[in-house]
Amino acid sequence: MRHRQSLAGLAALAFLLQPAAIVPAAQARPAAAAQHQRLLPLEGGRNFRDLGGYRTADGHIVKWGLLFRSGSMHGLTARDYAYLDKIGIKVVCDFRDNHERAAEPVPWPSAQAPTILSDDYSLTDAGLMPRGDLRAMTTAQARAMLAKSYPQMLTFFADQYHRMFAELLAGHAPLAFNCSAGKDRTGIAAALLLTALGVPRETVIQDYLLTNRYLDGKMILAQQGKASANAAWAHLPPGVMAAFMAADRSYIEAVLDALPDGAHAYLHDEMKLSDADIATLRRMYLM
């Protein structure tokens, strides 16, 4: 069931794509992001990055301090929450499934809690996770499975991606979106958002590949003996694990290649973004 989740309870979510005011210039570079750091300096962050600074094909630049991508926020510390409070994140689109959210809850302090948006679903039931004994899988099979599953996420997560765009059009920013590692579901969301803003394909791919620099897979798997969303992966063959943890160019290219007409049709038909909506997003989030 689609729902809006917060520490105070559940409330109804409006999906109206309506014109929104341009984000004030003062919001473009909050103090916490003034030094233009790609990876946020968090003690317990996981692949938590600012999407600002990327140049579009027509020479504009994505504003810093408004759009963030991340992995699970389960490890955030009190200092991290204080840092994020200065940024003023209003909304978090959490793409994790039921099990991931239960295994790694995020206890935002009530005074600082953004609105958390998430859906009830299971990755396994959605057909996005392999069944059976993963220890028998080869590295080549793992890579092929991910390359095949990435375009499928465009359909399965269309409602969640659409909701992210609706929040941005409504001016609900700074906004962060995340999954568990901040690589797959989040990587596709970032690719769609940057593409909508007019960022060239190669820049989109390079942003995706930064996960290989900023995600510490060993740290995630260190929780294998705990109630972790990643515990079931702990005993995979090294090559298979590497294929699952890596941000491989072929994975994101499979998504971009699946988008017809340079993503224009997908943004219009699936994300319900009109040309006017896309122009509004660019006025709001580019400089």
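Each reported figure results from applying straightforward, stated rules to the coordinates on display, with no laboratory input. Remember, it's a predicted structure, so these values are computed and weren't measured experimentally. Neighbour counts run over all protein chains shown; Cβ positions are idealised from the backbone, glycine included.
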Normalised convex hull volume, the stretch 153-206, alpha-carbon set, Å³ per residue: 86 Å³
Gyration tensor verdict on the stretch 41-132 (Cα atoms; rounded if a/c is under 1.5, prolate if a/b is larger than b/c, oblate otherwise): oblate
For LEU286, net neighbour charge (Lys/Arg +1, Asp/Glu -1) across residues whose Cβ lies under 10 Å away: +3
ILE61 long-range amide H proximity, modeled H, under 5 Å: THR56, MET287
Built amide H within the under 5 Å cut-off of PHE177, gap 5+: PHE68, ARG69, SER70, CYS93
Whole-Hz ³J(HN,Hα) from phi, Karplus 6.51 cos²θ - 1.76 cosθ + 1.60, for the stretch 274-287, glycine and proline x: 7, 4, 5, 4, 5, 4, 5, 4, 5, 5, 6, 10, 10, 9
Within-10-Å neighbourhood charge of ILE252 [Cβ basis; K, R +1; D, E -1]: -2
Pairwise label distance in nanometres, LEU39 with ARG283, each label 7 Å out on the Cα-Cβ vector: 3.8 nm
Around CYS179: net Lys/Arg minus Asp/Glu count, Cβ-Cβ under 14 Å: +1
Approximate spin-label separation PHE156-LYS272, in nm, with each point projected 7 Å along Cα-to-Cβ: 2.3 nm
Calculated P(r) of the stretch 46-86 - Cα pairs past 17 Å, %: 42 percent
